Amino acid sequence: MDLGLKGKTALVLGASRGLGAASATLLAAEGAHVIAASRSGDAPAEGMEGLKLDLSDAASVAALIERLAEQPVDILVNNCGGPAAGPAKGQSSAAWQAAFEAMAAPIFAITDAALPGMIAKGWGRVVTIGSSGIVQPIPNLALSNGVRGAVAGWSKTLAEEVAPHGVTVNMVLPGRIATDRLAQLDGIKADKTGASLDAVQEASRKTIPTGRYGTPEEFGAMVTFLCSAQAAYVTGSMIRVDGGMIRGM
Ligand SMILES: NC(=O)c1ccc[n+]([C@@H]2O[C@H](COP(=O)([O-])OP(=O)(O)OC[C@H]3O[C@@H](n4cnc5c(N)ncnc54)[C@H](OP(=O)(O)O)[C@@H]3O)[C@@H](O)[C@H]2O)c1
């Protein structure tokens, strides 16, 4: 199937590894010109343009916003690093503020900067990587659950505003996808409970109907489909890629 991505320009944030890297790689494989942004600026594959971006640094975000005014993109995949693990009780106001400034505010500003170019062309795709924690909050990840909830509300609101201009806005929610971030979180759980890493991962896999963690490529395939011509009538949606982990409908 030709996904209609040849000749499109895609900016993928948090693209040096993990879910962002897999999404960038699959978009490039479909013929898109990919700009892969991250703090390291490392492009995950040959033929992509690597771009240095630190979402928690206002000057770095401002430089990208300036670039988007000059060089519009057709596709924006929003992604960021995950915040520190921790409970809801006792989180400081500074911690909430820092998580919002790293995971929400820059995403809103970068999307705002990308939208005029998409609206001018009457075609655009905004896909934001979220978390299953939006639907079913994950214990000990209060900052992630809370700030991503705000991002979900923003994404849904925006979808209606730009739909008449041919721009779709969706979220993809990972359950447990085997990346550095998941390995880190499993490690934290092992340290906290005294169980071995193997035991933590085995228990985790047992909660997933497919019995395994997903691969970054399985996740990136959904992101890529939502960026395609065929997905023109999908907007305002949150699609789970979780092996059936979330039991709610
Ligand atoms: N994997 C899962 O199962 C899962 C589940 C639920 C939610 N999530 C969330 O989905 C997102 C991606 O997950 P992942 O597993 O791919 O994470 P990951 O392996 O830690 O990758 C994160 C990516 O974001 C970049 N990044 C981190 N901080 C950044 C910053 N301040 N500015 C710009 N780029 C930054 C990293 O590159 P640099 O270090 O080079 O900047 C890297 O490319 C995270 O927010 C994670 O919490 C993941």
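Every read-out reported here was derived from the displayed coordinates using simple, explicitly stated rules and does not represent laboratory data. It should be emphasised that the depicted structure is a prediction, and the values quoted were computed from it without experimental measurement. Glycine also receives a Cβ, built like all others from the backbone with ideal geometry; neighbour counts cover every protein chain displayed.
Applying 1/(1 + (r/R0)^6) with R0 = 45 Å to the Cβ-Cβ distance of residue 93 and residue 29 gives a FRET efficiency near 0.55. Modelled spin labels at residue 190 and residue 205, positioned 7 Å past Cα toward Cβ, are 1.4 nm from each other. Entry note, the range 187-249: relative contact order of 36 percent, from Cα contacts under 8 Å with a spacing of 6+ residues. The value obtained for the range 109-249, namely the Cα convex hull volume divided by the number of residues, is 118 Å³ per residue. From the Kirkwood radius over Cα pairs of the range 38-82, Stokes-Einstein at 37 °C and 0.692 mPa s returns a whole-number translational diffusion coefficient of 282 µm²/s.
Once you divide the Cα radius of gyration of the chain by 2.2 N^0.38 Å, the number left is 0.98. Look at the dipole of the range 17-148 built from charges on Cβ: of 108, 87, 32, the Cα furthest out on the positive end belongs to 87. Using θ = phi - 60° in the Karplus curve 6.51 cos²θ - 1.76 cosθ + 1.60, the 3J(HN,Hα) couplings for the range 156-168 round to 5, 5, 5, 3, 5, 5, 9, 3, x, 9, x, 10, 9 Hz; x is entered for Gly and Pro.
Averaged over residues, the count of other Cβ atoms within 10 Å places the peptides 24-31, 175-182, 93-100 in the sequence 24-31, 175-182, 93-100, highest first. Pairs exceeding 29 Å between alpha-carbon atoms, taken from 89/189; 52/189; 8/52: 52/189. Seen from a random direction on average, the alpha-carbon convex hull of the range 1-128 projects onto 8.6 square nanometres. Normalised by the number of residues in the range 96-180, the average gap of Cα pairs under 8 Å and 6 or more apart makes the relative contact order 38 percent.
Taking 20 °C and 1.002 mPa s as conditions, the range 1-70 diffuses translationally at an estimated 176 µm²/s according to Stokes-Einstein applied to its Kirkwood radius (Cα pairs). Electrostatic bookkeeping for residue 96 treats Lys and Arg as +1 and Asp and Glu as -1; over the other residues with beta carbon under 15 Å from its beta carbon, the sum is +1. Between the amide H of residue 124 and those of 167, 168, distances stay under 5 Å, these residues lying 5 or more places away or on another chain, with hydrogens modeled in the peptide plane. With helices as the sole contributors, the chain gives -14000 deg cm²/dmol at 222 nm; each DSSP H run of n ≥ 4 counts as -39500 (n - 2.57), and the sum is divided by every residue.
Dividing the mean sequence gap of close Cα pairs (under 8 Å, 6+ apart) by how many residues the range 1-157 holds gives a relative contact order of 21 percent.
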